Amino acid sequence: MARKRRIFTAAFKAKVALEAIKGLSTISELAQKHKLHPTQINLWKKQLLDGAEGVFEDGSQKSKSSSENDEPQAAELYEQIGRLKVELEWLKKKVAQHGE
């Protein structure tokens, strides 16, 4: 029977990768301790080091990308405002006609 694939949380991966980066234990020792393959630990370590610069990115890049996401939403809102104005004018005319 095939062995069931284990799924690890991001917190666990980060913990193991940080232990590997600290270098207090060898990769082999960490692999035995956590019952993992050394290649897996090296992969997580590499992913952590590659993604570390994202933690320190300045806010201007993040706000720039979020403003791009807001732009289509703003267009939709302006379109909705236009429809509501037309509807309001139509209703005003109807009320004026019935009032005469």
Legend entry - Residue list for the stretch 36-95, filter: open to solvent by less than 90 Å² (accessible area, probe 1.4 Å), modelled with pLDDT of 85 or more and not in a helix (DSSP H, G or I): L36
Inset, instruction - Consider only pairs whose beta carbons are under 9 Å apart and that are at least six residues apart or on different chains; among these, list those whose first residue lies in the stretch 1-29 and is in contact (Cβ under 8 Å) with a residue 24 or more places away in the chain and closer than 16 Å to A52 by Cβ and whose second residue is of a type in the set (V, I, T) and part of a helix (DSSP H, G or I). - result: V16/I41; A17/I41; A20/I27; A20/I41
Legend entry - Identity of the residue in the stretch 15-29, part of a helix (DSSP H, G or I) and small (G, A, S), that ends up surrounded by the most Cβ atoms within 10 Å (Cβ to Cβ): A20
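The values are calculated or read from the model by the stated rules, or taken from the named source; none is laboratory data. Only a predicted model underlies this, so the values are computations on that prediction, with no experimental measurement involved. Glycine also receives a Cβ, built like all others from the backbone with ideal geometry; neighbour counts cover every protein chain displayed. SASA here: full protein model, heavy atoms, side chains in, ligands and nucleic acids out. Shrake-Rupley method; radii C 1.70, N 1.55, O 1.52, S 1.80 Å.
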